[in-house]
Amino acid sequence: MERRQFLRQAGATLAVASTAGLAACAGQPSRPVSTGRALSLAPIRASTDRITGVYVCTRPFRAAGPRIEMQKLGAKTIVHNYGHGGSGWSLSWGAGTLALQMAQSTGVRELGVIGCGAIGLTTALLAQRAGLAVRIYAKALPPDVFSMRASGLWTPDSRICDAAHAPALADRWEMMTRISYARYQSLLGLPGNPIEWIDGYSLSDAPFGKFHGDVPDEPEYGDFADRVRDLTPRPVELPPGSHPFPEPYVRRYSTIMFNISSYANLLMSEFLAAGGKIEVREFQHADELQKLPEHTLVNATGYGARALFNDDSVIPVRGQTARLIPQPEVTYGLRTHNLSVVPRTDGLMVQVLGDSGNFNNDDITPHREVSEAAVRELAEVVSQMKSDPAHSPA
Ligand SMILES: Cc1cc2nc3c(=O)[nH]c(=O)nc-3n(C[C@H](O)[C@H](O)[C@H](O)COP(=O)(O)OP(=O)(O)OC[C@H]3O[C@@H](n4cnc5c(N)ncnc54)[C@H](O)[C@@H]3O)c2cc1C
């Protein structure tokens, strides 16, 4: 791919690719502002031999948005909480709050939660904090759940519903987003930095237009950015010379980042420390849930709900990321037209954006060559950055 081609409209596919985040895309294009002195950024060591792993997972997308509702099933009340597309981490606390309200309406004191990903863990913690005794049942635990393979950015409206269903979901989405956002602010500054705010840079060789986020073979998704503009800072255009990039158009964005390894570890530790129980167990049929001792169960099985509850409305949207060896000195994100880097403490996440063939694709075989090509593109971007002697290798 030609460099000019992939840098052409950096960011156009970002919200959809679940790597840029609503925070990054929000706001009208701003006028360039001077940052005073030139920005100095530690270079990313982008080489394919620094890839520590290539990971694939399927986003549990539903055209109508997440299923958060109660269902009576035999002797059990099931509270469904699944189908959060590319927004599961971002919406987890809000979705869990809604699910818990439903569960509590049954008068329950003991709750079973099926699933131990982003959604199951946060719902379980909320239930514990409300005084319930909680047992998680799951066929896999972190780090072996899909949630651990996410990019780790605040992306509350990434592949969360299709455009046709957006009006019906909007109010509920906003409520979930605001609840989650507030919760994330209370998780800042903790040991291990599970949650932090970062700056990142979008690079383009053409003026930034309105973001569309279209991927050719994916539906038009719901876009809710306008509803929560007050939550996150606007992106800022930086004038040439004030940054190390050769591109004529550079934007700085600020967003919340989830350091997923330490964050999931924190959630698990808190759940267990508060007396939570975990049973590793796979259910082949929803009928098997009848044998569990709890009368009320939260179904937080993510993509697994498609098979367990025969719910074909859950569509797999494949996503692949590669991790480079961590570089603590790299604290900024990067985006070009078809590439994203997230500077997590457990590795620099590199993801291809805007690629097709992922919708309704449940193939979780990693394609290493795709990630290697992305890392080589990244190396080209880095090689064109103005170097700062302060960051030269000793
Ligand atoms: C490439 C990529 C990047 C992403 N980036 C972001 C991002 O930056 N920000 C963001 O907010 N979201 C992101 N997402 C989306 C996010 O990862 C998902 O929305 C989220 O992981 C869904 O969490 P979950 O708990 O519902 O599912 P999962 O993590 O899949 O957890 C499901 C749980 O249920 C269990 N389970 C399933 N079936 C059964 C069964 N039959 N019996 C027993 N247990 C069962 C599993 O073992 C697991 O414990 C991304 C997704 C992808 C693919």
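Filter the stretch 226-264 down to the residues that are within 17 Å of Leu41 (Cα to Cα) and among the basic types (Lys, Arg) and list them by number. Residues satisfying the conditions are Arg251, Arg252. Selection of strands (runs of 3 or more DSSP E) fully inside the stretch 57-154 by the criterion of at least 2 residues being over 13 Å from the mean Cα position of the chain (by Cα), within 11 Å of the ligand (Cβ to nearest atom) and at pLDDT 95 or above returns 76-82, 110-114, 133-138. Applying the criterion of at least 1 residues that are aromatic (Phe, Trp, Tyr) to the strands (runs of 3 or more DSSP E) found wholly in the stretch 189-260 leaves 195-204, 249-258.
Matching residues to (1) out of contact with any Gly (no Cβ under 9 Å at 6 or more places or on another chain); (2) at pLDDT below 95; (3) within 22 Å of Thr301 (Cα to Cα):
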{"residue": "Pro246", "(1), (2), (3)": "yes, yes, no"}
{"residue": "Val250", "(1), (2), (3)": "yes, no, no"}
{"residue": "Met257", "(1), (2), (3)": "no, no, no"}
{"residue": "Ile260", "(1), (2), (3)": "no, no, yes"}
{"residue": "Ser269", "(1), (2), (3)": "yes, no, yes"}
{"residue": "Leu272", "(1), (2), (3)": "yes, no, yes"}
{"residue": "Ile278", "(1), (2), (3)": "yes, no, yes"}
{"residue": "Arg281", "(1), (2), (3)": "yes, no, yes"}
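Within the stretch 163-183, identify whether any single residue is in contact with a helix residue (DSSP H, G or I) (Cβ under 6 Å, 6 or more places away or on another chain) and either part of a loop (DSSP other than H, G, I, E, B) or farther than 18 Å from Ser92 by Cβ (or both), and answer yes or no. No: the stretch 163-183 contains no residue that is in contact with a helix residue (DSSP H, G or I) (Cβ under 6 Å, 6 or more places away or on another chain) and either part of a loop (DSSP other than H, G, I, E, B) or farther than 18 Å from Ser92 by Cβ (or both). Which count do you get for residues in the stretch 346-383 that are of a type in the set (A, V, I, L, M), closer than 21 Å to Asp199 by Cα and outside any helix (DSSP H, G or I)? Qualifying residue count for the region: 5. Six or more apart or on different chains, Cβ atoms under 7 Å: show the pairs whose first residue is in the stretch 186-205 and under 24 Å from Phe245 (Cα atoms) and whose second is open to solvent by 40 Å² or more (accessible area, probe 1.4 Å) and of a type in the set (Ser, Thr, Tyr). That search, which allows pairs on different chains as well, returns Ile198/Thr331; Ser204/Tyr249; Asp205/Tyr249. Residues in the stretch 269-318 that are part of a helix (DSSP H, G or I) and open to solvent by 30 Å² or more (accessible area, probe 1.4 Å): Ser269, Glu270, Leu272, Ala273, Asp287, Glu288, Gln290, Lys291, Tyr303, Gly304, Arg306, Ala307. Is it the case that some residue within the stretch 227-245 is within 23 Å of the chain's Cα centre (by Cα), under 24 Å from Pro194 (Cα atoms) and hydrophobic (A, V, I, L, M, F, W, C)? Yes, the stretch 227-245 contains a residue that is within 23 Å of the chain's Cα centre (by Cα), under 24 Å from Pro194 (Cα atoms) and hydrophobic (A, V, I, L, M, F, W, C).
Of all residues in the stretch 66-121, those satisfying the criterion of being open to solvent by 40 Å² or more (accessible area, probe 1.4 Å) and in contact with a Ser or Thr (Cβ under 7 Å, 6 or more places away or on another chain) are Met70, Thr106.
Of everything in the stretch 299-325 that is away from the ligand (no atom under 11 Å from the Cβ) and over 19 Å from the mean Cα position of the chain (by Cα), the residue that is nearest to Ala150 (Cα to Cα) is Ile325. Filtered by the rule that a residue be part of a loop (DSSP other than H, G, I, E, B), open to solvent by 30 Å² or more (accessible area, probe 1.4 Å) and not hydroxyl-bearing (Ser, Thr, Tyr), the stretch 323-345 gives Ile325, Pro326, Pro328, Glu329, His337. Here Arg318 fulfils each of the conditions (1) touching an Asp or Glu at 6+ places or on another chain (Cβ under 7 Å); (2) of a type in the set (Lys, Arg); (3) at pLDDT below 95 apart from (3).
The values are calculated or read from the model by the stated rules, or taken from the named source; none is laboratory data. What you see is a predicted model; the values in this text were computed from it and never measured. Glycine also receives a Cβ, built like all others from the backbone with ideal geometry; neighbour counts cover every protein chain displayed. Surface accessibility is based on the protein's heavy atoms, side chains included, excluding ligands, DNA and RNA. Shrake-Rupley method; radii C 1.70, N 1.55, O 1.52, S 1.80 Å.
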